[in-house]
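Working notes for the structure below.
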Amino acid sequence: MTEAEPKKAALKLQGVRKNYGQVVAVAGIDLVVYEGEFFTLLGPSGSGKTTLLRLIAGFERPDAGRIELGGRDITSVPPHLRDTNTVFQDYALFPHMSVAENIGYGLKVKGVPRSAREKRVERALAMVRLTGLGNRRPNQLSGGQRQRVALARAVINEPEVLLLDEPLGALDLKLRQEMQIELKQIQQEVGITFVYVTHDQEEALTMSDRMAVMANGQIEQVGSPVEVYERPATEFVAGFIGISNVLLRDGVRFVVRPEKIRMLAEGEEPAAGMTVEPGQVEDVVYVGMTTRYMVRLDRGEQLVAVRQNMDAVGDAHKFQGRPVRLAWTADHTFVLDKGR
Ligand code: ADP
Ligand code: MG
């Protein structure tokens with residue numbers, strides 16, 4: 001999507017609510033997702049992500065509110081008549097069918113003739129990098145390959161919006177990271193609007209054009225990954241995405257991210273304009289690429305500072321228990337919304 005094009009809404013939610021008995025699962029959500037966007041719903045377990053996705057898919061009816069897809073009110077339209085498809089973490093492929101049959105099944109049900117179907121299945125296989133594996137059975141594939149079949153099976157229907165509920169959740173870390181990149185590439189190739197659910201902050205930051213951070217059935221903030229990380233609107237967002245160091249100085253509450261804090265060496269002069277506060281290193285945690293320093297400021301709060309492990313890291317632990325000075329610049333801090 002280029003900046004010049006006017007953005008068209010693929011999906012529009014207005015005042016959408018859903019209760020289960022006493023539990024408020026979705027507490028009145030307004031949201032616009034634009035055509036061709038990779039849009040992520042990010043939030044902790046129980047924040048209402050799956051319920052919201054099921055409302056969009058039509059598996060649940062909202063207690064209040066309105067859902068529009070491509071400009072059409074679909075609030076009361078049953079799931080099979082909505083131009084959406086859903087990919088779940090449990091991809092539930094048909095075990096007795098080949099990969100190609102699994103992918104083409106939806107088209108077959110719709111009565112798409114065999115030759116047209118086979119062409120589209122071939123294209124879908126290529127798109128998810130599974131060319132040549134169409135004759136295999138699902139149990140002859142790896143977990144990542146099976147998840148790609150599930151994706152192809154949904155994308156082949158060319159839905160207006162593809163809904164994905166933690167689709168990579170069952171994969172191990174390395175495969176998940178590879179699939180994050182691939183999934184994003186596939187989304188860009190097919191140009192379908194994705195609404196993607198995850199509780200994984202890094203996944204959301206890596207993949208999304210924009211994201212909504214959810215808590216308690218509500219949206220705390222909507223924005224690009226950079227906006228949400230660099231300028232969190234609430235303390236919840238600041239704490240949920242990345243480590244948040246919250247300080248109160250002169251009546252102002254603000255956050256400074258660990259990677260923006262400089263640990264001054266002994267005798268080192270801070271750059272002009274930096275705020276400097278003394279403290280003591282309470283803990284040193286080696287995390288591979290980086291080392292985390294938990295510093296107790298003399299004024300009381302604990303801050304986390306992070307340093308990249310550029311050199312051998314054998315000396316990081318010598319900081320344990322030592323006095324340090326932390327320094328940061330005002331433009332690397334952000335004031336928290338005090339309205340909430
Ligand atoms: P998430 O996907 O973010 O983990 P869910 O949408 O699954 O959150 O759940 C939101 C809230 O609604 C939770 O408190 C959950 O326990 C509750 N909930 C979800 N589905 C049901 C259901 N079918 N019956 C009763 N409560 C439910
Ligand atoms: Mg869920």
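What does the net charge come to around residue 327 if you take all other residues with beta carbon closer than 11 Å to its beta carbon, with K and R at +1 and D and E at -1? If you can, show how the numbers build up before the last one.
Values: positive: 260, 262, 325; negative: 268, 269, 277.
Taking every other residue near residue 327 into account, the sum is 0.
From the residues 98, 143, 237, which one has its Cα farthest along the dipole of the chain in the positive direction, the dipole being from +1 and -1 charges on Cβ of Lys/Arg and Asp/Glu about the Cα centre?
98
Return the subset of 7/119; 174/318; 8/49; 49/184; 8/110; 18/108 for which the Cα-Cα distance in this structure is over 30 Å, preserving the input order.
Over 30 Å apart, Cα to Cα: 7/119; 174/318; 18/108.
What is the Cα convex hull volume of the chain when expressed per residue in Å³?
Working: hull volume 63.1 nm³, N = 340.
Output value, Cα hull per residue: 186 Å³.
Rounded, prolate or oblate: which one fits the stretch 27-85, using the alpha carbon gyration tensor with axes a ≥ b ≥ c (rounded when a/c is under 1.5, else prolate when a/b beats b/c, else oblate)? Write down the numbers at each step before the final one.
Numbers: a/c = 1.59, a/b = 1.21, b/c = 1.31.
Taking the square roots of the gyration eigenvalues as a ≥ b ≥ c, the stretch 27-85 is oblate.
Using a simple charge model, +1 on the beta-carbon of Lys and Arg, -1 on the beta-carbon of Asp and Glu, nothing else, what dipole does the stretch 245-338 show about its Cα centre, in debye to the nearest 20?
Details: 13 positive and 14 negative charges, 46 e Å.
It comes to approximately 220 debye.
Which far-off residues, 5 or more places away or on another chain, put their amide H under 5 Å from the one on residue 24, with H placed in the peptide plane?
none
Multiplying the sequence separation of residue 94 and residue 216 by 0.36 nm and subtracting their Cα-Cα distance, what value in nm do you get?
Working: separation 122, 0.36 × 122 = 43.92 nm, distance 3.56 nm.
Roughly 40.4 nm would be gained on extension.
Taking the Cα centre as origin and putting +1 on Lys and Arg beta-carbons and -1 on Asp and Glu beta-carbons, what dipole magnitude results for the chain, to the nearest 20 debye?
On the way: 43 positive and 44 negative charges, 259 e Å.
Using only the charged Cβ atoms, the result is roughly 1240 debye.
Once you have all Cα-Cα distances for the stretch 1-56, histogram them in 5 Å bins from zero and send the whole-percent values.
Result returned by the calculation: 4, 16, 24, 23, 13, 9, 6, 2, 1, 0.
Using only DSSP helix segments of four residues or longer, with each worth -39500 (n - 2.57), what per-residue ellipticity at 222 nm results for the chain after dividing by its residue count and rounding to 500?
Working: 8 runs with 84 residues, N = 340.
So the helix-based figure for the chain works out to -7500 deg cm²/dmol.
Among 287, 272, 251, pick out the residue whose Cα is farthest towards the positive end of the charge dipole of the stretch 245-338, where Lys and Arg carry +1 and Asp and Glu carry -1 on C-beta, about the Cα centre.
Toward the positive end, the furthest listed residue is 251.
Once all Cα-Cα distances of the stretch 210-335 are split into 10 Å bins that start at 0, what whole-number percent is in each one?
Cα pair-distance distribution for the stretch 210-335, in percent: 12, 39, 33, 14, 2, 0.
Measure out, as a whole number of angstrom, how far apart the alpha-carbon centroids of the stretch 152-180 and the stretch 217-249 sit.
Taking the Cα centre of each part, the stretch 152-180 and the stretch 217-249 sit 26 Å apart.
Roughly how big is the stretch 124-265's charge dipole about its Cα centre, with Cβ charges of +1 (Lys, Arg) and -1 (Asp, Glu), in debye to the nearest 20? Don't skip to the answer; put the middle values down first.
Working: 16 positive and 18 negative charges, 84 e Å.
The dipole of the stretch 124-265 has a size of about 400 debye.
Between the stretch 90-117 and the stretch 281-335, how far is it from one alpha carbon centroid to the other, in angstrom?
First find each Cα centre; the distance between them is then 54 Å.
Normalised by the residues of the stretch 58-165, what does the relative contact order come to in percent, with Cα pairs under 8 Å and at least six apart? Working shown, then result.
Working: 128 pairs, mean separation 40.8, N = 108.
Relative CO of the stretch 58-165 lands at 38 percent.
Taking neighbour counts of Cβ atoms within 10 Å as a proxy for exposure, in what order, fewest first, do 332, 96 appear? Provide the component values of the computation, followed by the final result.
Details: 332 16, 96 9.
If I rank by nearby Cβ atoms, fewest first, I get 96, 332.
Ordered by packing density, taken as the mean number of other Cβ atoms within 10 Å over each peptide's residues, highest first, how do 25-36, 57-68 rank?
Values: 25-36: 19.4, 57-68: 16.8.
Ranking, from highest mean packing down: 25-36, 57-68.
With point charges of +1 on the Cβ of Lys and Arg and -1 on the Cβ of Asp and Glu, referenced to the Cα centre of the stretch 9-236, which listed residue (65, 187, 208) lies farthest in the positive direction of the dipole?
187
What does the charge count near residue 37 come to, summing +1 for each Lys or Arg and -1 for each Asp or Glu among other residues with Cβ under 9 Å from its Cβ?
Overall, the nearby charge balance is 0.
Could you calculate the contour length gain from residue 123 to residue 73, that is, 0.36 nm times the residue separation minus the distance between their Cα atoms, to one decimal place in nm?
Values: separation 50, 0.36 × 50 = 18.00 nm, distance 3.19 nm.
Length gained between residue 123 and residue 73: 14.8 nm.
Order these by the 10 Å Cβ neighbour count, fewest first: 75, 51. Mind showing how you got there, number by number?
On the way: 75 17, 51 22.
Ascending Cβ contact count within 10 Å gives the list 75, 51.
All of the numbers you see were taken from the coordinates with simple rules; none came from a lab. Bear in mind the structure is a predicted one, so any value in this text is a computation, not a measurement. Glycine gets a Cβ as well: all are built from the backbone with ideal geometry, and neighbour counts include every protein chain shown.
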